[in-house]
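Inspection log for the structure reproduced underneath, given as structure tokens.
The values are calculated or read from the model by the stated rules, or taken from the named source; none is laboratory data. As the structure is a computational prediction, the values presented were derived from the model and not from experiment. Cβ: placed from backbone, ideal geometry, glycine included. Neighbour counts: every protein chain shown.
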Amino acid sequence: MEGGGVNNRAAAHFPQKSRRPADVLSRRSDSGTFQELSLTERFKLELRFEGYNLTNSVMPGNPNLTVTSTQFGGITSQVNYGREVQYTLRLHF
């Protein structure tokens, strides 16, 4: 390969994936952590913290495909939920 050109053989073996907006936006940031505390030999306390879609990323729905609609081609819905956080306190005995 001379002059900084594109190596066509490499491109044939390693094709580029298309990066559609849905592919990029479908990644979610979910995370969770927990702590277990021994109160006695029999009782244990568990504290959990879980978060879903922590970056609050939007996944747009499908566009309106009705040709006669005034919103043709527009995206008016969201297919995921916003950020969700939950705390849990459990007593094991």
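What tally of residues in region 39-69 results from selecting those that are modelled with pLDDT under 90, in a loop (DSSP other than H, G, I, E, B) and either touching a Leu at 6+ places or on another chain (Cβ under 9 Å) or among the acidic types (Asp, Glu) (or both)? The number of residues fulfilling the criteria is 3.
Could you grab the pairs with beta carbons closer than 6 Å, sequence gap of 6+ or different chains, first residue in region 75-93 and closer than 27 Å to Leu45 by Cβ, second one part of a strand (DSSP E or B) and of a type in the set (Asp, Glu)? So the pair list comes out as Gln86/Glu50; Arg90/Glu46.
For region 70-93, how many residues are polar (S, T, N, Q), under 22 Å from Phe34 (Cα atoms) and assigned to a loop (DSSP other than H, G, I, E, B)? Qualifying residue count, region 70-93: 0. Number of residues in region 40-93 that are of a type in the set (Asp, Glu) and on the phi > 0 side of the Ramachandran plot: the value is 0. Restricting the first member to region 36-59 and to residues that are within 23 Å of Glu84 (Cα to Cα) and surrounded by fewer than 13 Cβ atoms within 10 Å (Cβ to Cβ), and the second to residues that are among the basic types (Lys, Arg) and modelled with pLDDT of 90 or more, the beta-carbon pairs closer than 9 Å and six or more apart or on different chains are Glu36/Lys44.
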